[in-house]
Amino acid sequence: MRVLTLSGLTLAALLTTACGGTDKPAEAPAAETPAVEATTAPAAEAPVAEVAPAAAPAAPAAAAAVTYASLTGDAAKGEKVFAQCKACHVAEEGKNRVGPSLWAVVGRKSGSIAGFNYSKANKESGVTWSEDVLFTYLEAPAKFMPGTRMAFGGLKNPQDRADVIAYLKTKAV
């Protein structure tokens, strides 16, 4: 509690000065104006509402990973996308280029075509080219298999990968 004691000043004079009146407060006669003791009571305390701490912003839902199984490949579209691969690969049996033939690649063990000069990473990977493995590999070959000589950056579009795999599945014995 704060106590304000005024002596020699009238409250009106003090307020006048404080509110832009005269520069000098008027003095009250000592006999007429007793010392005024003013008290300021604390303001009534308003009830404080319980405020729950702000919740952390919801993290964006992680984009659901697209899987090969969630897509339906279209072999005709895949043949068109495969045009990018033809600089190094063919899907004909027994024909290798810079890259090995992709004839019957689905289900084949990595590095298994006799006579083709595979990278050590490819020969020793132990990978079997299932649809799911190809789907992951074709997105970023060098990331999937560090040390591969395949310089292709990958197919970023999941549907393109599914379509190429559908096309490659038609190229089998």
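Points worth noting:
- Members of the range 120-132 found to be closer than 29 Å to Gly73 by Cα and either out of contact with any helix residue (DSSP H, G or I) (no Cβ under 7 Å at 6 or more places or on another chain) or in a loop (DSSP other than H, G, I, E, B) (or both), listed by number: Ala121, Asn122, Lys123, Ser125, Gly126, Val127, Thr128, Trp129, Ser130
- Extreme residue, surrounded by the most Cβ atoms within 10 Å (Cβ to Cβ), among residues of the range 116-149 that are touching a Ser or Thr at 6+ places or on another chain (Cβ under 9 Å) and closer than 19 Å to Glu92 by Cα: Trp129
A short reminder: the numbers here are calculations on the coordinates, not readings from a lab. Computed from a predicted structure; not experimentally measured. Virtual Cβ from ideal backbone geometry, glycine too; neighbours counted across all protein chains shown.
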